[in-house]
1. On a full-extension model of 0.36 nm per residue, what is the gain between residue 87 and residue 11, subtracting their alpha-carbon distance, rounded to one decimal in nm?
2. Label-point separation (nm) for residue 41 and residue 20, each offset 7 Å from Cα along Cα-to-Cβ?
3. Quick one: among 36, 65, 13, which has the greatest mean-square fluctuation in a GNM of the chain with alpha-carbon springs under 10 angstrom?
4. For region 29-68, what does the equivalent ellipsoid look like in terms of its semi-axes, each the square root of 5 times an eigenvalue of the Cα gyration tensor, given largest first in whole Å?
5. Could you identify which residue out of 45, 63, 26 has the top mean-square fluctuation in a GNM of the chain using Cα springs shorter than 10 Å?
6. With each pseudo-label sitting 7 Å past Cα toward Cβ, what's the residue 65-residue 34 distance in nm, one decimal?
7. Semi-axes of region 2-91's equivalent ellipsoid from the Cα gyration tensor, sqrt of 5 times each eigenvalue, largest first, rounded to whole Å?
């Protein structure tokens, strides 16, 4: 489930680089807020403090209630960095032992 959330969010962020209607960006903010909130809660349950903090900050950054005006260029940079970070985090997960 975690990987699905990360992949969906990464795809949504990369699509943000195209010239989309404003409603799409609002949808992305809402979906990102929910996705990052879920990831934050899961990391809280697993005791992963660093990841919990990162996803919590991202949930606040993308939250749809109070718009954070960074400008289109800066938002594009944020979208790319977060999208790449999400993809990398899928492959950097610690391997589960068989014991």
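1. Here the answer is 26.4 nm.
2. 2.3
3. For the chain, modelled as a Gaussian network with Cα springs under 10 Å, the answer is 65.
4. Value: 19, 9, 5 Å, ordered largest first.
5. Greatest mean-square fluctuation among the candidates belongs to 45.
6. With each label point 7 Å from Cα toward Cβ, the separation is 1.6 nm.
7. The equivalent ellipsoid of region 2-91 has semi-axes of 22, 14, 11 Å.
Only the coordinates and a few stated rules stand behind these numbers; no lab work does. Because the structure is predicted, anything quoted here is derived from the model rather than measured. Positions of Cβ are backbone-derived with ideal geometry, glycine not excepted, and every protein chain shown enters the neighbour counts.
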